[in-house]
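A.B. asks: Pasting in a structure now, in structure tokens, and then I'll have a few things to ask.
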Amino acid sequence: MRGGPPDHNSNNNNHNNNHHSDSAGVLEIGTYCGNSALRIAAALPGVRVTTLELDPVLVAIARTIVAFAGLCAAVDVWTGHSALLIPRLKSRLVKYPTRPCFSAIFMDRWGTQYDEDLALIQEHELLQEPGGVLVADNVLTTAAASFLWKVAGPAATFTSQVMAVSEVADSSQEDWVSVSVSLSGNCGFQSSLAEEFPPELAELQAESERLRQRVIVAGGSGAEVARSEKPAFALHAKATLARAGIGPDNNDNNNSNNNNNSNNNNNNDNNNNNNPG
């Protein structure tokens, strides 16, 4: 199976009908078996869903399930790593001249990789501004510390909420989902306003990456490694993130800081417009 997007030489009428939106629809990073992509497509009729998956076996499974559900005209499953595919997406979005970007992006892989994806999304301007929705799953159990600092920290120009949820496979295991809406300015992060990444969060990010590597090295036993280590790690991550002011109990503070940043950006824009020299 070759990499990249699938070909669409048939069902052109259905394909065109699903492109009535002025944006490129929804991007998902991390398809797995296609469950989330199907749910998004079913919930948003007429909205195109593009989903990226590295594992070709999972791509084959997801495409089969999408076809069985009759949603081939609504869901594109791309094969490859997000680092390679995200830059390719921009050239595919020229068909949306008024808004060559996605109105929503859903991230669903290991949390330490989210900030890498966000950097590429920023670079290629793939998320609508303002009003683009960025959702990230598993940000507690995989400790997406760097990503959370960027979308919910004091320098972010997203308005963000972190919500506590239960793991699908284990309802006793708490996890978090972050939901962020872009306000203005380079996909929600102003480097000129950036505060130093707290060392405690940097260490948490490194610990999570080491856990990810152990899961990868374990191969077929990786799921067991994750099950055995994640509960204790999640408790540690929860306490560490809370000390940095990030979590479900800190949503009001996050939104207040980010709204202040947005107002400052708007004031700067107005000043620049008044002083164009």
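A.B. asks: Kindly establish whether V162 is assigned to a helix (DSSP H, G or I), more than 18 Å from Y32 (Cβ to Cβ) and in contact with a helix residue (DSSP H, G or I) (Cβ under 9 Å, 6 or more places away or on another chain). Before you say what the answer is, go through the steps one by one.
C.D. replies: Working: assigned to a helix (DSSP H, G or I): no; more than 18 Å from Y32 (Cβ to Cβ): yes; in contact with a helix residue (DSSP H, G or I) (Cβ under 9 Å, 6 or more places away or on another chain): yes.
The answer is no for V162.
A.B. asks: Do you know which residues across region 28-83 are under 23 Å from G219 (Cβ atoms) and without any contact (Cβ under 8 Å) to a residue 24 or more places away in the chain?
C.D. replies: Scanning region 28-83 gives D55, V57.
A.B. asks: Determine whether region 25-41 contains at least one residue that is exposed (fewer than 13 other Cβ atoms within 10 Å of the Cβ), at pLDDT 95 or above and closer than 30 Å to K150 by Cα.
C.D. replies: Of the residues in region 25-41, the ones exposed (fewer than 13 other Cβ atoms within 10 Å of the Cβ) are 39.
Right, trim to at pLDDT 95 or above and you get 39.
From what's left, closer than 30 Å to K150 by Cα: 39.
Yes, because at least one residue in region 25-41 is exposed (fewer than 13 other Cβ atoms within 10 Å of the Cβ), at pLDDT 95 or above and closer than 30 Å to K150 by Cα.
A.B. asks: With respect to A24, is the statement that it is in contact with a Ser or Thr (Cβ under 8 Å, 6 or more places away or on another chain) and part of a loop (DSSP other than H, G, I, E, B) true?
C.D. replies: Numbers: in contact with a Ser or Thr (Cβ under 8 Å, 6 or more places away or on another chain): yes; part of a loop (DSSP other than H, G, I, E, B): yes.
Answer is yes for this residue.
A.B. asks: Give just the number: which of (1) farther than 30 Å from E229 by Cβ; (2) touching a Ser or Thr at 6+ places or on another chain (Cβ under 7 Å); (3) surrounded by fewer than 22 Cβ atoms within 10 Å (Cβ to Cβ); (4) among the aromatic types (F, W, Y) does F102 not satisfy?
C.D. replies: Going through the list (1) farther than 30 Å from E229 by Cβ; (2) touching a Ser or Thr at 6+ places or on another chain (Cβ under 7 Å); (3) surrounded by fewer than 22 Cβ atoms within 10 Å (Cβ to Cβ); (4) among the aromatic types (F, W, Y), F102 breaks only (3).
A.B. asks: Same structure, new question: Please return the ranges of helices (runs of 4 or more DSSP H) entirely within region 167-277 where 1 or more residues are modelled with pLDDT under 70. Steps first, answer last, please.
C.D. replies: Values: elements: 199-218, 222-243, 251-274.
It comes to 251-274.
A.B. asks: Looking at L54, is it surrounded by fewer than 20 Cβ atoms within 10 Å (Cβ to Cβ) and within 18 Å of the chain's Cα centre (by Cα)? Before the answer, list the steps.
C.D. replies: Details: surrounded by fewer than 20 Cβ atoms within 10 Å (Cβ to Cβ): yes; within 18 Å of the chain's Cα centre (by Cα): yes.
So L54 fits the description; yes.
A.B. asks: Which residue out of S146, S184 is crowded, with 19+ Cβ neighbours inside 10 Å and touching an Asp or Glu at 6+ places or on another chain (Cβ under 8 Å)? Spell out how you get there, then give the answer.
C.D. replies: Numbers: S184 fails: crowded, with 19+ Cβ neighbours inside 10 Å.
Checking each option against the conditions leaves just S146.
A.B. asks: Just to be sure, is S184 within 20 Å of I246 (Cα to Cα) and either touching a Cys at 6+ places or on another chain (Cβ under 6 Å) or touching a residue at least 40 places away in the same chain (Cβ under 8 Å) (or both)?
C.D. replies: Working: within 20 Å of I246 (Cα to Cα): no; either touching a Cys at 6+ places or on another chain (Cβ under 6 Å) or touching a residue at least 40 places away in the same chain (Cβ under 8 Å) (or both): yes.
Spelling it out, it is not the case that S184 is within 20 Å of I246 (Cα to Cα) and either touching a Cys at 6+ places or on another chain (Cβ under 6 Å) or touching a residue at least 40 places away in the same chain (Cβ under 8 Å) (or both).
A.B. asks: Could you check region 168-178 and list, in sequence order, the residues that are of a type outside the set (G, A, S) and crowded, with 16+ Cβ neighbours inside 10 Å? Step through it out loud before you land on a result.
C.D. replies: The first filter runs over region 168-178 and keeps only residues of a type outside the set (G, A, S), leaving 168, 170, 173-177.
Those that are of a type outside the set (G, A, S) and crowded, with 16+ Cβ neighbours inside 10 Å: Q173, E174, D175, W176, V177.
A.B. asks: Right, another one. Applying the selection to region 66-89, what residues are in a helix (DSSP H, G or I), in contact with a helix residue (DSSP H, G or I) (Cβ under 7 Å, 6 or more places away or on another chain) and farther than 25 Å from L120 by Cα?
C.D. replies: V66
A.B. asks: Which condition does Q122 not pass, out of (1) surrounded by fewer than 21 Cβ atoms within 10 Å (Cβ to Cβ); (2) out of contact with any strand residue (DSSP E or B) (no Cβ under 9 Å at 6 or more places or on another chain), if it passes all the others?
C.D. replies: Evaluating Q122 over (1) surrounded by fewer than 21 Cβ atoms within 10 Å (Cβ to Cβ); (2) out of contact with any strand residue (DSSP E or B) (no Cβ under 9 Å at 6 or more places or on another chain) leaves (2) as the failure.
The values are calculated or read from the model by the stated rules, or taken from the named source; none is laboratory data. A quick note: this is a predicted structure, and the numbers were derived from the prediction, not measured. Cβ sites come from the backbone with ideal geometry, for glycine too, and all protein chains shown count toward neighbours.
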